[in-house]
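The values are calculated or read from the model by the stated rules, or taken from the named source; none is laboratory data. Quick caveat: nothing in here was measured; it's all calculated off a predicted structure. As a convention, Cβ positions derive from the backbone with ideal geometry for all residues, glycine included, and neighbour counts pool all protein chains shown.
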Amino acid sequence: MQQGWLTKTFKGDRAIWGLIALFMIYSLLAVYSSSVNVAFKSYHGNTTYFLRSQFIMLMLSLAIIIFVSYLPVRIYSSLAGIFLIVSAGLLVLTFVFGARVNEATRWLVIPGTGFRLQTSDIAKVALVIYLARTLAKYQGQLNDFMLVTKYLMMPIAIICALIMPENLSTAMMIFGISIIILYIGRVPFKFLLSYLGMAIVGVLLFAMVLTVVSKDNRVKVWKNRIEHYISGSGEGDDDYQSNQAKIAISTGGLFGKAPGHSTQRNMLPQSNSDFIFAIIIEEYGLFLGAIPLILAYMILLFRGITIAKKCETAFPAYLVLGLIVMMVVQAMMNMMVAVGLFPVTGQTLPMVSWGRTSVLVMSFSIGAILSVSRVANARIKKEELPEEEQVEEGEKIYEAANA
């Protein structure tokens with residue numbers, strides 16, 4: 001009875017459901033351990049503040065994953081354009097009315113709730129869905145440079161341009177993810193090289209104009225981060241964070257200091273979000289912290305490719321690959337920042353770091369992947385049935401995909 005209930009509720013790729021459970025366990029343990037002292041100081045001795053907050057968000061994210069996994073796949077294709085327009089509108093609202101935190105305007109506060117929405121996270125997923133739909137629609141015309149530029153690169157450029165003034169690293173990451181998706185979608189490589197060159201020139205021109213027009217801009221922040229990373233001078237807040245993360249990793253060793261025994265959590269800013277990977281290695285070590293998480297994201301990538309191969313049509317395959325690439329690239333960036341292989345970017349570790357918008361957006365993405373997997377698995381199951389039972393099962397699959 002219990003197994004039947006679980007099977008009916010958690011449909012789709014079982015390996016991905018196992019990874020979700022793994023990510024949630026790491027998240028709760030690491031968020032609590034890395035933030036207990038901050039919570040004690042900032043929330044009147046309430047050491048479980050961040051743990052309780054993350055637990056609520058993870059339970060909400062689980063509900064979102066289950067709900068979205070039951071949605072028909074065609075809904076994403078039908079609403080792709082609307083998703084993109086709404087997300088672009090939210091970015092404009094953030095630019096005009098957004099809350100300024102840590103010298104950057106990246107959040108939109110929902111009136112009456114105090115809930116801060118990081119609109120770039122929403123735009124990121126909306127763009128991936130739009131690209132999947134457009135690649136599927138024009139898959140036979142992708143050798144037309146003007147068509148690719150108009151229907152694919154222009155939306156990418158608009159979204160990145162709206163994000164770039166306040167969050168260059170996220171804009172660059174979204175652009176990189178988009179280029180990877182276009183490459184997977186078989187856009188000619190020479191086109192992608194052209195777009196990459198245009199993007200570099202555009203960023204440089206934008207930085208020059210911003211420097212001339214306004215003294216209060218983030219160009220100096222971008223410049224300092226790059227210079228300090230290249231020189232390794234150890235100056236500035238970003239270098240301080242990076243150095244503390246390296247200390248956490250180096251002292252963690254092979255097996256870690258044991259859960260709850262981190263010392264760098266007291267010195268490392270953003271220890272429960274941007275640098276949570278460093279705290280995980282400090283407490284669980286290479287064998288129980290770093291390697292399992294890296295393998296988990298690699299398995300997620302592998303399962304995404306497997307699901308895409310099962311798809312009969314282009315859109316769900318591109319959707320799964322796009323969302324998987326988005327999640328894995330962000331995870332790799334977070335890990336590379338923690339170990340000092342990349343400048344500080346402020347990207348969270350998907351489904352592990354403490355967060356709100358990021359957790360909800362990643363949950364939606366996983367739910368969409370499971371939705372495609374559910375339909376693909378049902379179709380394969382139908383094909384394995386005796387011929388006389390396939391008609392009846394085919395009707396059920398149609399209802400699952402379109403109901």
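So if I check each of 108, 135, 131, 93, which one is assigned to a strand (DSSP E or B) and modelled with pLDDT of 75 or more?
Details: 135 fails: assigned to a strand (DSSP E or B); 131 fails: assigned to a strand (DSSP E or B); 93 fails: assigned to a strand (DSSP E or B).
When all the criteria are applied, what remains is 108.
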Suppose the filter is of a type outside the set (Gly, Ala, Ser), within 16 Å of residue 278 (Cα to Cα) and in a helix (DSSP H, G or I); does residue 326 pass it? no
Do the conditions hold for residue 380, that is, is it at pLDDT below 85, touching a helix residue (DSSP H, G or I) at 6+ places or on another chain (Cβ under 8 Å), loosely packed, with under 15 Cβ neighbours inside 10 Å and closer than 26 Å to residue 133 by Cα? yes
Please enumerate the residues belonging to segment 46-70 that are surrounded by 14 or more Cβ atoms within 10 Å (Cβ to Cβ) and aromatic (Phe, Trp, Tyr). 49, 50, 55, 70
Out of curiosity, is residue 158 within 27 Å of residue 344 (Cβ to Cβ) and within 17 Å of the chain's Cα centre (by Cα)? no
Criterion first (of a type outside the set (Ser, Thr, Tyr) and under 26 Å from residue 59 (Cβ atoms)) does residue 338 satisfy it? no
Looking at residue 73 and the list (1) within 19 Å of the chain's Cα centre (by Cα); (2) more than 19 Å from residue 279 (Cβ to Cβ); (3) surrounded by 15 or more Cβ atoms within 10 Å (Cβ to Cβ); (4) among the aliphatic types (A, V, I, L, M), which single condition is not satisfied? (1)
Where the second residue is surrounded by fewer than 19 Cβ atoms within 10 Å (Cβ to Cβ) and aromatic (Phe, Trp, Tyr) and the first is within 13 Å of residue 353 (Cβ to Cβ) and touching a residue at least 60 places away in the same chain (Cβ under 8 Å) and lies in segment 18-42, which pairs have Cβ atoms under 8 Å and are six or more apart or on separate chains? 35/49
Checking the structure you have, find out if any residue of segment 346-355 is at negative phi and assigned to a helix (DSSP H, G or I). no
Exactly one condition in (1) surrounded by fewer than 16 Cβ atoms within 10 Å (Cβ to Cβ); (2) part of a loop (DSSP other than H, G, I, E, B); (3) charged (D, E, K, R) is not met by residue 11; state its number. (1)
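Condition check ((1) in contact (Cβ under 8 Å) with a residue 40 or more places away in the chain; (2) more than 16 Å from residue 351 (Cβ to Cβ); (3) in a helix (DSSP H, G or I); (4) aromatic (Phe, Trp, Tyr)) across all residues:
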{"site": "53", "(1), (2), (3), (4)": "yes, no, yes, no"}
{"site": "56", "(1), (2), (3), (4)": "no, no, yes, no"}
{"site": "72", "(1), (2), (3), (4)": "yes, yes, no, no"}
{"site": "76", "(1), (2), (3), (4)": "yes, yes, yes, yes"}
{"site": "81", "(1), (2), (3), (4)": "yes, yes, yes, no"}
{"site": "84", "(1), (2), (3), (4)": "yes, yes, yes, no"}
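Looking only at segment 328-348, which residues are closer than 20 Å to residue 291 by Cβ and among the polar types (S, T, N, Q)? Spell out the reasoning first.
First, pick out the residues of segment 328-348 that are closer than 20 Å to residue 291 by Cβ: 328-342.
Scanning segment 328-348 gives 330, 334.
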Criterion: modelled with pLDDT of 95 or more and over 16 Å from the mean Cα position of the chain (by Cα) - qualifying residue of 175, 206, 189, 115: 189
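Taking only segment 210-261 into account, find how many residues are acidic (Asp, Glu), modelled with pLDDT of 65 or more and exposed (fewer than 12 other Cβ atoms within 10 Å of the Cβ).
If we filter segment 210-261 for residues that are acidic (Asp, Glu), which is where we start, we get 216, 227, 235, 237-239.
If we keep only those that are modelled with pLDDT of 65 or more as well, we get 227, 238-239.
Pick out the ones that are also exposed (fewer than 12 other Cβ atoms within 10 Å of the Cβ) and you get none.
Residues meeting the conditions: 0.
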What single numbered condition from (1) surrounded by fewer than 24 Cβ atoms within 10 Å (Cβ to Cβ); (2) closer than 28 Å to residue 53 by Cα fails to hold for residue 302? (2)
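One line per residue, one yes/no per condition, for (1) surrounded by fewer than 20 Cβ atoms within 10 Å (Cβ to Cβ); (2) farther than 28 Å from residue 190 by Cα; (3) in contact (Cβ under 8 Å) with a residue 24 or more places away in the chain:
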position	(1), (2), (3)
119	no, yes, yes
132	no, no, yes
156	no, no, yes
159	no, no, yes
163	no, no, yes
169	yes, no, yes
Quick check on residue 289: is it under 25 Å from residue 356 (Cα atoms) and surrounded by 15 or more Cβ atoms within 10 Å (Cβ to Cβ)? yes
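For segment 27-43: of the residues being of a type outside the set (A, V, I, L, M) and crowded, with 21+ Cβ neighbours inside 10 Å, which is nearest to residue 62 (Cα to Cα)? Give the steps one after another, and end with the answer.
Quick first cut of segment 27-43, residues of a type outside the set (A, V, I, L, M) only: 27, 32-35, 37, 40-43.
This time we only want the ones that are crowded, with 21+ Cβ neighbours inside 10 Å, so: 27, 32-35.
Working: 27: 13, 32: 19, 33: 22, 34: 23, 35: 23 Å.
The qualifying residue nearest to residue 62 (Cα to Cα) is 27.
Take residue 362 and decide whether it is surrounded by 20 or more Cβ atoms within 10 Å (Cβ to Cβ) and closer than 27 Å to residue 257 by Cβ. Spell out how you get there, then give the answer.
Details: surrounded by 20 or more Cβ atoms within 10 Å (Cβ to Cβ): yes; closer than 27 Å to residue 257 by Cβ: no.
Answer is no for this residue.
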Does residue 256 satisfy the criteria of being touching a Leu at 6+ places or on another chain (Cβ under 7 Å), assigned to a loop (DSSP other than H, G, I, E, B) and over 16 Å from residue 19 (Cβ atoms)? yes
